[in-house]
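Peer 1: The structure under discussion is supplied below as structure tokens; questions concerning it will follow.
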Amino acid sequence: MKQLLQITGFVLTLTAFGITGNAQCTNPWSWGSAAAPTGTSTTTISTCTYQEEYNTVSNVVAGTTYESTYSLGGCITVHSGSPGGPVVAFGSTPLTWTATVSGTYYIHYNTSCITCGTATSCGTSTIACTSCGAGCPVVAPVPNDACYQQVITNDTYCCNTAWDAICQGDYDACNAAACTAPAPVPNDACYQQVITNDSYCCNNTWDAICQSDYDLCNGSGGGGAGCTGQTTNDYCNDAALLTQGSGTWSSTTSSTYTADLPGNINSVFCGSIENNSWYMFTAQSTTETFPISSVFNCTSGWGIQAQVYSFTTDVNGCCTGFTAVSNCYNPANTTTGTVTATGLTIGNTYMLMIDGNAGDDCDFTVSNWTATGILPVELVDFNGIALPDENILKWTTKSELDNDHFNVMRSYDGVNYEVIGVVEGAGNSSAALHYNFSDRTVKTGKVYYRLEQVDISGKSELSETIVLDREADTYGVVGFWPNPAKERLLVEVNPMIGVSSGKLEIVDVHGAILESRIIDFEQFKLLEFDLNSIESGLYFLRYTDKRGGVTVKKFIKS
């Protein structure tokens with residue numbers, strides 16, 4: 001029996017030893033603490049942690065991946081909640097682990113993962129976040145509030161190098177009260193509505209677009225002093241111009257057009273006005289006809305309604321008084337017909353107004369006339385910013401009519417352009433819409449961009465050209481794309497004057513060199529790496545020139 005007890009005790013001892021190995025290590029002593037990093041920089045927790053102690057790391061975020069290292073090697077155990085809480089990860093240094101819950105974690109250090117050995121030599125313990133992305137290396141010139149956090153979360157490129165006008169615009173859009181320039185109107189409900197709906201109004205100055213929005217809100221659209229701030233043939237004071245002759249012109253009664261009610265138009269028109277537009281012509285005879293040859297794509301089948309007027313204007317050029325000089329075309333369906341104006345004075349100017357019956361959204365065509373100035377896509381700004389890894393383009397439309405898409409065009413000489421991307425348009429819109437495009441395959445140097453707006457009929461119009469300067473002022477690895485990379489990675493290397501050779505390496509997070517190339521060059525060199533044999537994860541580009549200068553850049557293989 002005694003022998004059996006001894007054997008049993010031996011088995012229990014082995015079992016206990018096995019539990020120690022499987023349950024990982026829990027040290028009794030606490031030393032060193034730090035907050036978990038939120039960017040890509042490595043945080044040193046302690047420069048003298050013994051392999052019988054643990055560090056305390058606060059502000060750990062659930063789902064985030066970290067890497068713990070210890071300079072003397074050995075074993076690392078990560079507990080959550082308390083020093084002896086649930087084990088999240090266990091293994092040799094460096095140890096990569098993912099937080100299961102948010103809160104405080106405890107990182108234990110030992111000489112061995114098998115025996116949980118201890119030692120009295122101290123080493124440096126660090127922690128890095130391997131899934132935090134580029135982080136934000138600059139401080140924004142705004143409070144670190146919810147809107148600031150929203151901006152850098154939605155668009156991390158804002159804070160790669162500097163807090164620029166694009167970032168400030170996004171911040172203002174989140175916090176509409178942050179208007180950098182006072183408007184020349186009372187700070188009333190309409191002013192607040194304008195800067196809430198379109199924060200770009202107040203980025204730099206209160207412009208004509210903002211004033212137009214204010215006038216519409218304040219009831220002065222199309223008449224009164226406010227009409228001078230309005231553009232496009234949505235308004236009487238800026239009607240499209242009709243020219244008599246062979247040909248046709250087409251437009252729409254979509255919601256792109258709003259109800260413009262200058263002077264007495266509401267009382268002299270033969271129906272209600274919901275989405276009218278204006279077309280001005282000069283009479284060539286005492287009778288002019290406008291054959292409406294097609295009405296199509298109507299959303300409700302009520303069709304369009306139209307009438308011709310003589311009109312007066314005030315000293316500001318705003319339409320004020322209207323007298324009907326034609327029949328009222330209002331069939332209450334999509335039937336075609338003719339608007340005939342009579343009793344006209346040759347040489348005088350008259351106005352054709354067309355509206356959607358009961359607000360119907362229709363396309364229509366008028367024969368024997370051509371038109372200029374019909375509401376197009378109103379591009380109110382187009383700008384960009386050159387970032388280390390890419391160029392970001394942003395543009396805003398005030399309104400859109402039958403806008404199918406934008407072709408984003410790029411040139412390196414300002415003459416020869418190529419389409420590098422397509423951004424879908426909104427079709428028809430009367431609200432300010434904001435677009436963006438990221439060019440991640442751009443080379444160093446001056447880059448020219450323009451937009452080609454294409455409507456549903458295939459007609460196109462080019463925007464102004466903007467230039468971004470990506471001239472490198474640094475040496476070594478000055479550009480690489482795409483990032484994250486999937487199958488290939490393009491890398492630009494710039495040699496220092498007089499140092500025309502070097503070595504470019506791809507290195508993993510453990511320091512292992514996965515690929516190495518010797519480069520001999522006198523100017524910018526573009527290299528391509530095949531990543532198909534590399535597993536997904538975080539890697540580094542390390543360039544070392546022949547004098548020993550080193551450049552290190554981080555990229556992600558997806």
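Bear in mind that the values in this text are calculations on the coordinates, not laboratory data. Worth saying up front: this structure is predicted, and the values here are computed from it rather than measured. All Cβ positions, glycine included, derive from the backbone under ideal geometry; neighbour counts span all protein chains shown.
Peer 1: Output the relative contact order of region 379-469, whole-number percent, from Cα pairs under 8 angstrom with separation of 6+ residues.
Peer 2: On the way: 207 pairs, mean separation 29.8, N = 91.
Contact order relative to length: 33 percent.
Peer 1: Could you work out the pair-distance distribution P(r) of region 270-325 from its alpha-carbon pairs, with 10 angstrom bin width and percents rounded to whole numbers?
Peer 2: Result returned by the calculation: 15, 46, 30, 10, 0.
Peer 1: In region 82-134, what is the volume of the convex hull around the alpha carbon atoms, normalised per residue and reported in Å³?
Peer 2: Working: hull volume 5.8 nm³, N = 53.
In region 82-134, the Cα convex hull volume per residue is 110 Å³.
Peer 1: Let me ask you something else. Near H108, within a Cβ-to-Cβ distance under 10 Å, what is the net charge of the other residues, with Lys and Arg +1 and Asp and Glu -1? Provide the component values of the computation, followed by the final result.
Peer 2: Numbers: positive: none; negative: E52, E53.
With Lys, Arg at +1 and Asp, Glu at -1, the net is -2.
Peer 1: At what distance in nm do the modelled label points of A332 and S33 sit from each other, each positioned 7 Å from its Cα along Cα→Cβ?
Peer 2: The answer from the label model is 8.0 nm.
Peer 1: For a protection proxy built on the mean count of beta-carbon atoms within 10 angstrom, sort 412-422, 334-344 highest first, please.
Peer 2: On the way: 412-422: 11.9, 334-344: 16.1.
For the peptides 412-422, 334-344, the packing ranking is 334-344, 412-422.
Peer 1: Can you work out ³J(HN,Hα) from phi for every residue in region 502-511, in order, using Karplus 6.51 cos²θ - 1.76 cosθ + 1.60 and θ = phi - 60°, giving whole Hz and x for Gly and Pro?
Peer 2: x, 10, 10, 10, 9, 10, 8, 5, 8, x
Peer 1: Turning to a different aspect of this structure: Tally Lys/Arg at +1 and Asp/Glu at -1 over every other residue whose Cβ is under 15 Å from the Cβ of P83; what's the total?
Peer 2: Values: positive: none; negative: E52, E53.
Its environment carries a net charge of -2.
Peer 1: For region 246-350, compute Rg over Rh where Rg is the Cα radius of gyration and Rh is the Kirkwood radius from the inverse mean 1/r over Cα pairs.
Peer 2: On the way: Rg = 14.1 Å, Rh = 14.8 Å.
Rg/Rh for region 246-350 comes to 0.95.
Peer 1: Would you please give the residues with an amide H less than 5 Å from that of G117, counting only those at least 5 places away or on a separate chain, with H modeled from the backbone geometry?
Peer 2: For G117, the qualifying residues are T111, S112.
Peer 1: Kindly state, to the nearest 0.05, the FRET efficiency for T365 paired with D508, given R0 = 56 Å and r defined as their beta-carbon distance. Write out the running numbers ahead of the final one.
Peer 2: Numbers: r = 64 Å, r/R0 = 1.14.
Efficiency for this residue pair is about 0.30.
Peer 1: Sticking with this one: Can you tell me the length gained on complete extension of the stretch T372 to E464, counting 0.36 nm per residue apart and subtracting the Cα distance?
Peer 2: Working: separation 92, 0.36 × 92 = 33.12 nm, distance 1.98 nm.
Additional length available on full extension: 31.1 nm.
Peer 1: In what sequence, highest mean first, do 71-79, 36-44 appear when ranked by Cβ atoms within 10 angstrom?
Peer 2: Values: 71-79: 21.0, 36-44: 15.2.
So the peptides 71-79, 36-44, ranked by packing, come out 71-79, 36-44.
Peer 1: Using each residue's phi in region 348-362, evaluate 6.51 cos²θ - 1.76 cosθ + 1.60 at θ = phi - 60° and report the 3J(HN,Hα) Karplus result to the nearest Hz, with x for Gly and Pro.
Peer 2: Along region 348-362, the couplings run 7, 9, 10, 10, 9, 10, 10, 9, x, 4, 6, x, 4, 9, 10 Hz.
Peer 1: When ranked by the protection proxy of mean other Cβ atoms within 10 Å per residue, highest first, what sequence do the peptides 81-89, 398-406 form? Walk me through the numbers before you get to the answer.
Peer 2: Working: 81-89: 15.6, 398-406: 21.7.
Averaged packing, sorted descending, gives the order 398-406, 81-89.
Peer 1: What FRET efficiency would be calculated for the residue pair R547, R488, taking the C-beta separation as r and a Förster radius of 30 Å, to the nearest 0.05? Don't skip to the end; give the middle numbers.
Peer 2: Working: r = 30 Å, r/R0 = 0.99.
That pair, R547 with R488, gives E of 0.50.
Peer 1: Which translational diffusion coefficient, to the nearest whole µm²/s, is obtained for region 382-468 from the Stokes-Einstein equation, given a Kirkwood hydrodynamic radius over C-alpha pairs, 10 °C and 1.306 mPa s? Don't jump to the answer; show the numbers that get you there.
Peer 2: Working: Rh = 13.3 Å.
Result for D is 119 µm²/s.
Peer 1: Here's another thing I want to ask about it. Enumerate the amide H contacts of D381 below 5 Å, restricted to partners 5 or more residues apart or on another chain; note that Pro and chain-start residues carry no placed amide H.
Peer 2: T396
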